[in-house]
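Below you'll find the structure, written out as structure tokens, and then a few comments.
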Amino acid sequence: MALLRPSRTRRRDTSGNRMWLWFMLPGTLWMTGFLIASLILVAVLAVGTTDELGNPRFGFDLAGVRALADPAYTEVLARSLGYALLTCVICLLIAYPVAYTIALYGGRYKHALIAAIVVPFFANYLVRMYGWSVVLSDDGPVLRALRAVGLADSGTKILNSGFGVVAGLVYGFVVFMIIPLYAALERLDVSLIEAGRDLYGGPIRTFFFVTLPATRQGAAAGLVLVFLPAMGDFVSAQLMGGPDQIMIGNLIQDKFFQGQNWPLGSALTMLLMLVLLIGMLGYLRRTRKDEAEALR
């Protein structure tokens, strides 16, 4: 009888996994179906045409695709990519000390501290961006404080600049960096840090040779979670930038709504999706390589 118990346990686990797969199937099919359908529709519209009133019409015209080579559009794409990458770097520099402190020194208050960081981000993104634009405005508390200590004058501005756009992106998405880093640091064995201090003889060398490699996957996940929405964001550039700071998300919005040029808007959307796909594939490849190294 004792020999039959493991077999029964395996059968029970298998049936339980199948049950959860059946529960996941409807939602997975629903989301996958709409994703594929929307991508096909955008791809078809990208080679379509418009009538005299600007309404989209199905057809075959590569004018929208050829327009992507326009230097004005490539400049916007490069700017969006630069803003998104800079946002990732700043979020990583901000989030790592926060996650490190909470995970290793938060004690019994760590969950409350994480909740204090996450809960404010439950508010609507647009509302938070409006509030942030008030904080960074010419008469806002940030510039007032800087003027009071002599670090800014009456001509200093944060809004309508690249700095303002990146500041909005960092504020909007930094929580997506904190959470995976906190999860990685929470799983980290503290004895590895103690052994690293004995081996490398200092906290800085221990961090770079022990802590950072051990939490690399968490950092990579955070970079992807920040990069993907930051690349396509248009609210931050619209509220805190000017005409010279528009991003590809603003350009897509303009072509669909104000410009009534759906083929070009669809072509720009496909270009954005391609950039995001390259970033996602790079992350998956890196993750697969790390898992293979861990199994050696």
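The values are calculated or read from the model by the stated rules, or taken from the named source; none is laboratory data. This is a predicted model, so every value here is computed, not measured. Note that we place each Cβ from the backbone using ideal geometry, even for glycine, and neighbour counts take in every protein chain shown. Protein only, heavy atoms only, side chains kept; ligands, DNA and RNA dropped before computing areas. Shrake-Rupley method; radii C 1.70, N 1.55, O 1.52, S 1.80 Å.
Odds and ends about this structure:
- Residues of segment 236-249 that turn out to be within 17 Å of the chain's Cα centre (by Cα) and either at positive phi or assigned to a helix (DSSP H, G or I) (or both), as a count: 4
- Residue within segment 144-154 that is within 27 Å of I246 (Cα to Cα), free of Cβ contacts under 8 Å to residues at least 24 places away in the same chain and of a type in the set (A, V, I, L, M) present: yes
- Within segment 226-245, the set of residues being of a type in the set (A, V, I, L, M) and either within 23 Å of M280 (Cβ to Cβ) or surrounded by 20 or more Cβ atoms within 10 Å (Cβ to Cβ) (or both) comprises V226, L228, A230, M231, V235, A237, M240.
- Where a residue in segment 38-51 is surrounded by fewer than 13 Cβ atoms within 10 Å (Cβ to Cβ) and its partner, wherever it lies, is basic (K, R), with Cβ under 7 Å and at least six apart: D51/R57
- When residues of segment 142-171 are limited to those that are closer than 30 Å to G106 by Cα and open to solvent by 30 Å² or more (accessible area, probe 1.4 Å), the one modelled with the lowest pLDDT: V142
- The residues of segment 54-84 that are in a helix (DSSP H, G or I) and surrounded by 16 or more Cβ atoms within 10 Å (Cβ to Cβ), listed by number, are G64, V65, A67, Y73, V76, L77, R79, S80, L81, Y83, A84.
- Enumeration of residues in segment 121-141 that are surrounded by 10 or more Cβ atoms within 10 Å (Cβ to Cβ) and either at positive phi or in a helix (DSSP H, G or I) (or both): F121, Y125, L126, R128, M129, Y130, G131, W132, S133, V134, V135, P141
- Of all the criteria given as (1) small (G, A, S); (2) under 17 Å from W262 (Cα atoms); (3) modelled with pLDDT of 85 or more, the one not satisfied by S80 is (2).
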